[in-house]
Amino acid sequence: MKCKKCNGEWTPPPGKSITVCPFCAEPVAKITDIEPTDNVIKTLAQQYGDEVLLDSKLTSLVADTLMNKEPQLFKRLRLAINEKVPKKLHDLKSVSVQEREIGIRHISSRLTEDYGTEAEKAYEIVNYFGAAFGYEPVSAPNMKQSYQISQTEQNTRQSSQSTISKIATPPINSIIKFGKYDWRVLDVQNGQALLITENIITTRKFDLKSNRWGSGCEIYDWLNGEFYRELCQGNNNRIISADNITGNNPLCPESKGSEKTRDNVFLLSLDEVCRYFGDSTANLQKYSITENDFYISDENDPKRVATHNGKASWWWLRSPGIDSDYAADVDFDGCVDVFGSHIDAVMAVGGVRPALWLNLGET
């Protein structure tokens, strides 16, 4: 806490309240008198200014207020503080209302995906902090309505899949069966098709030490080793090796991509996910020069949504994130996260959607 009169600072012991400044005896508000139904974070910001939300002492202040009165709320607030939600929200003060809403959705989705927090609770706690900055609340998406495949689309996909073997060149966005997986056709060139699995097939860490795509990267070695061998059973010479170049992170060119790699199976890059799911390339170029825009969200978001075990989930890209500890990804709601997820955080087990080039001589 900080005294507005003498600028003295102190940290109240957990579970105790200090009503006067220990340096100049200036009275301070009794934070423990706040009703449990009040927004404690907003009250603290009004009393001490927004800067208290960025202070390392915030957890102690919240504990002093809520630990014994509202233990469940305290746990959720502490998680949000540990995940730097106040700092992330503070960074949205200078952006437009529309960009701020996208940012709030991104922050909320991270709590949902990384910690298993229910979407409604994640949005509730982020909005709880957002109110302290004067932000309008953002509603949690209707997951069932927004992110589950409609029955009509399922029927269309099944119909497309059942007839695909009868045509020489499958249409873009059609679904074909290869191995034991369903694959979406992203591109067709000279009798070869670029495919990506329709769903997330598993979840894995990116790597333990590096975000550089290529041999030695844990997820690269698994895709081009165990997974590739599984696909090749009974499908010899169908998969075509591709020369891939993985560019630098557009927001931070110092976060380097990889030299040309020869890949049998790979993850999509930032450029590819923006090019093949609708066309968000222009937005990728725009976001690369805007300081506070870490993710791309547009009308193509629903096309990038993928599910794992029937639930919308986030999935890895092979491009580097904002620094060497992060790799780019696509969020559960289809936003492209240029900032990225930590490659080896405790809960950073992202979805895997393998991609490959397939010889269409047989389907």
> Counting Lys and Arg as +1 and Asp and Glu as -1, each charge on the Cβ, what is the dipole of region 167-359 about the Cα centre in debye, to the nearest 20?
Replying inline: 720
>> Give me Glu198, Glu230 sorted ascending by neighbouring Cβ count inside 10 Å, so fewest comes first.
In response: Glu230, Glu198
> Taking every eigenvalue of the Cα gyration tensor of region 167-359, multiplying by 5 and rooting it, what semi-axes result, largest first, whole Å?
Replying inline: 25, 19, 16
> Once Lys and Arg get +1 and Asp and Glu get -1 on their Cβ, which of Thr261, Ser241, Val349 lies farthest toward the positive end of the dipole of region 167-359?
Replying inline: Ser241
>> Past 30 Å, Cα to Cα: identify those pairs from Lys180/Lys209; Lys205/Lys303; Lys75/Lys303; Lys88/Lys256; Lys42/Lys256, in the order given.
In response: Lys180/Lys209; Lys75/Lys303; Lys42/Lys256
>> Between Gln72 and Asp50, how high is the FRET efficiency from 1/(1 + (r/R0)^6) when r is the Cβ-Cβ distance and R₀ = 22 Å? Nearest 0.05.
In response: 0.30
> Suppose R0 equals 30 Å; then what is the FRET efficiency for Ser324 and Ala242 from their Cβ-Cβ distance, rounded to the nearest 0.05?
Replying inline: 0.75
> Once label points are set 7 Å from the Cα along Cα→Cβ at both Glu99 and Leu79, what is their separation, rounded to one decimal in nm?
Replying inline: 3.0
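Quick note: the coordinates plus some simple rules give every number you see, no bench work behind them. As the structure is a prediction and not an experimental result, all values here were calculated from the model. Positions of Cβ are backbone-derived with ideal geometry, glycine not excepted, and every protein chain shown enters the neighbour counts.
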